[in-house]
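**Student:** Okay, handing you the structure first.
The values are calculated or read from the model by the stated rules, or taken from the named source; none is laboratory data. Quick caveat: nothing in here was measured; it's all calculated off a predicted structure. Note: ideal-geometry Cβ built from the backbone for every residue, glycine included; neighbour counts use all protein chains shown. The protein model used for the area step is the full one, side chains on, heavy atoms only, and it has no ligands, DNA or RNA in it. Shrake-Rupley method; radii C 1.70, N 1.55, O 1.52, S 1.80 Å.
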Amino acid sequence: MKKIHVVFHDGGGGHRNAAIALQTIASQQSRPWEVNLVQFQDLTDRLDVLRKLTGIRIQQQYNIMLQNGWTLGSKYLLRVLQLTIRLFHGPMVRLLEEFWREHPADLLVSVIPHFNREIAESWNAVYPSRPFVTLITDLADYPPRFWIEPIKEQYVIAGTERAAEQARAFGHDHSHIFQASGMILRPDFYVEEAVDPVALRREMGLQPDLPTAIVLFGGHGSKVMYYLTERLNTAGLPIQLILICGRNEELAAKLRGQTWSMPVHVVGFTKEVHKLMRAADFLIGKPGPGSIAEAMVRKLPVLIECNAWTLPQERYNAEWVTEKRVGIVLDSFKEVVEGVCQMLAPERLAEFRKNVAALDNRAIFEIPEMLAKLLETAEKSAGRPADSAATLAIHTQTV
């Protein structure tokens, strides 16, 4: 059994989802791997300066900011965070080295930004011949040094050509860059379910033949969802909403407590977003890489916004949506009524659906092969004969 550590944190839901996706697919494919999930915040709590000052972890502060829409100026907050990380670089590297020595593995995968220099240096100091991989969970890097570091030992898994180009621009050679066909998602998004969208809508108390939008703002929701619902409700459009509030129980209660003239189904935290998407015609949400990727796999066009309040690392996602012609990008959700009207125009919706259907994100099945190749190469370079299990013949499995 090969041991793989996957480093994640809970700043947003995408990083944990990526880690769980890797662990799940390795198990489903019967890989001879022990995949361990390592919560980065737990490792570095004693260096969390913001927690010492406020009593709240960095990742919790990030999620609170998203829930309340306090994202204006986040570009400058990122720079402050990066400066703080640089100031604590030495102590963090030593802290991580100690952990790696006590918890050895054959391969280390990071699915988080900002800290890849510290993770890479500490890992290579302890295990110089064992690969370190950064799996980018954004459609592109937000330079400088958000995901990609000028460290020759860093392997990069990119989900778009833009991210691969950025890795090359940072000096990484061909052997250190792997390009997947999209973002990594949990395997259940690929399950072919015998679910009748009409029956699913009826189960939720929705109209069977009314155009349906699923509204999704990450695992912690956002108060902007209430604003959107109010505007669409007032406009009297022929539409109904599935509102995914995540862990934001206050928002869910507020939405349930209101009387709406249009059909609305409110959902709290759920692991069945993939199933609920079957009942929808398109998605309304923030330009997060995870929700966009999920929508694409479930063949849903997207309606998103991009402006000064949009997180800087997510602004390229709006460019990608426009370039691929898979949805509509608004300057502000104040225009949501107009945006929905455009989305529901038959010719426009048909074009979006055609373009979405042309995409084929198979990253969840491609990435294990990339990791297998790295494990095999590392074993050969160490001078040990590669056994048949470690060479990891390609598994073909329909999920």
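**Student:** Enumerate the amide H contacts of Val109 below 5 Å, restricted to partners 5 or more residues apart or on another chain; note that Pro and chain-start residues carry no placed amide H.
**Tutor:** His5, Val6, Val7, Val133
**Student:** How far is the Cα center of the range 20-44 from the Cα center of the range 209-286, in Å?
**Tutor:** Their Cα centres are 31 Å away from one another.
**Student:** Which of rounded, prolate or oblate describes the range 245-321 when judged by the alpha-carbon gyration tensor and an a/c cut-off of 1.5? Let's see the in-between values first.
**Tutor:** Numbers: a/c = 1.92, a/b = 1.44, b/c = 1.33.
The shape class here is prolate.
**Student:** Here is a further query. Magnitude of the Cβ-charge dipole of the range 229-293, K/R +1 and D/E -1, about the Cα centre, nearest 20 debye?
**Tutor:** Details: 8 positive and 5 negative charges, 24 e Å.
Value, rounded to 20: 120 debye.
**Student:** Continuing with the same structure: Would you calculate the separation in nanometres between label points at Ser175 and Ala199, each defined as 7 Å from the Cα along the Cα-to-beta-carbon direction?
**Tutor:** Label-label distance for Ser175 and Ala199, simple model: 5.4 nm.
**Student:** Determine the sum of side-chain charges near Met183: Lys and Arg each +1, Asp and Glu each -1, restricted to other residues whose C-beta is under 10 angstrom from that of Met183. List each step's numbers first, then the result.
**Tutor:** Values: positive: none; negative: Asp138, Glu294.
Combined, the nearby Lys, Arg, Asp and Glu give -2.
**Student:** Taking the alpha-carbon distance from Lys3 and a cut-off under 24 Å, which lysines remain once sequence neighbours fewer than 8 residues away in the same chain are dropped?
**Tutor:** Lys152, Lys373, Lys380
**Student:** Heavy-atom accessible area per residue, the chain, 1.4 Å probe: how many Å²? It would help to have the intermediate numbers written out before the result.
**Tutor:** On the way: 17600 Å² over 399 residues.
Accessible area per residue: 44 Å².
**Student:** Could I ask something else about it? Starting from the 7 Å offset along Cα-to-Cβ, what nm value, one decimal, do you get for the label separation of Arg231 and Ser27?
**Tutor:** 4.1
**Student:** Given Cβ point charges of +1 (Lys, Arg) and -1 (Asp, Glu) and nothing else, what value in debye, to the nearest 20, does the dipole of the chain about its Cα centre take?
**Tutor:** On the way: 44 positive and 45 negative charges, 107 e Å.
For the chain, the charge dipole is close to 520 debye.
**Student:** For the chain, take the longest principal axis of its alpha carbons; what is the angle in degrees between that and the long axis of helix 224-235, to the nearest 10 within 0 to 90?
**Tutor:** It works out to around 20 degrees.
**Student:** How large are Rg and Dmax for the range 81-162 when calculated on the C-alpha trace, in angstrom?
**Tutor:** Final numbers for Rg and Dmax: 12.6, 37 Å.
**Student:** Something else now. Is the range 165-248 best put as rounded, prolate or oblate by its Cα gyration tensor, with a ≥ b ≥ c the root eigenvalues, rounded for a/c under 1.5, and otherwise prolate when a/b is larger than b/c, oblate when not? All intermediate terms of the calculation are to be shown ahead of the outcome.
**Tutor:** Details: a/c = 3.09, a/b = 1.87, b/c = 1.65.
Prolate.
**Student:** How much mean residue ellipticity at 222 nm does the chain get from its helices, if each DSSP H run of length 4 or more adds -39500 (n - 2.57) and you divide by all residues, to the nearest 500 deg cm²/dmol? Mind dumping the intermediate values first?
**Tutor:** Values: 18 runs with 180 residues, N = 399.
After summing the helix terms and dividing by the residues of the chain, the value is -13000 deg cm²/dmol.
**Student:** Taking 0.36 nm per residue of sequence separation and subtracting the Cα-Cα distance, how much length would be gained by fully extending the chain between Glu102 and Lys299, in nm to one decimal?
**Tutor:** Working: separation 197, 0.36 × 197 = 70.92 nm, distance 4.46 nm.
Once the chain is fully extended between Glu102 and Lys299, it gains 66.5 nm.
**Student:** Same structure, new question: Considering only Cα-Cα distances, which of the following residue pairs are longer than 18 Å: Lys299/Lys334; Lys223/Lys286; Lys275/Lys299; Lys223/Lys254; Lys275/Lys334; Lys275/Lys324?
**Tutor:** Values: Lys299/Lys334 26 Å; Lys223/Lys286 12 Å; Lys275/Lys299 12 Å; Lys223/Lys254 10 Å; Lys275/Lys334 29 Å; Lys275/Lys324 25 Å.
Among Lys299/Lys334; Lys223/Lys286; Lys275/Lys299; Lys223/Lys254; Lys275/Lys334; Lys275/Lys324, the Cα-Cα distance tops 18 Å for Lys299/Lys334; Lys275/Lys334; Lys275/Lys324.
**Student:** At a 1.4 Å probe, what is the % contribution of carbon and sulfur to the accessible area of the chain?
**Tutor:** On the way: 9320 of 17600 Å².
Answer for the chain: carbon and sulfur cover 53 percent of the accessible area.
**Student:** Compute the FRET efficiency between Glu249 and Glu351 as 1/(1 + (r/R0)^6), taking r as their Cβ-Cβ distance and R0 = 30 Å, and round to the nearest 0.05.
**Tutor:** Working: r = 38 Å, r/R0 = 1.28.
Rounded to the nearest 0.05, the efficiency is 0.20.
**Student:** Here's something else I'd like to know. Classify the range 192-341: rounded, prolate or oblate, from the alpha-carbon gyration tensor (a ≥ b ≥ c, eigenvalue square roots; a/c under 1.5 rounded; otherwise prolate if a/b is larger than b/c)?
**Tutor:** Numbers: a/c = 1.42, a/b = 1.22, b/c = 1.17.
Verdict is rounded for the range 192-341.
**Student:** Right, here's the next one. From the residues Met262, Leu200, Ile184, which one has its Cα farthest along the dipole of the range 123-264 in the positive direction, the dipole being from +1 and -1 charges on Cβ of Lys/Arg and Asp/Glu about the Cα centre?
**Tutor:** Looking along the dipole axis, the top candidate is Met262.
**Student:** From the residues Ala169, Val224, Tyr155, which one has its Cα farthest along the dipole of the chain in the positive direction, the dipole being from +1 and -1 charges on Cβ of Lys/Arg and Asp/Glu about the Cα centre?
**Tutor:** Positive-end residue among those listed: Val224.
**Student:** Still on this structure, I have one more. Quick one: if you stick a label point 7 Å off each Cα along the C-beta vector at Arg162 and Arg86, how many nm between them?
**Tutor:** 2.5
**Student:** Can you give the FRET efficiency for Thr377 and Glu153, using 1/(1 + (r/R0)^6), R0 = 22 Å, r = Cβ-Cβ distance, to the nearest 0.05?
**Tutor:** Details: r = 13 Å, r/R0 = 0.60.
Efficiency, from the Cβ-Cβ distance: 0.95.
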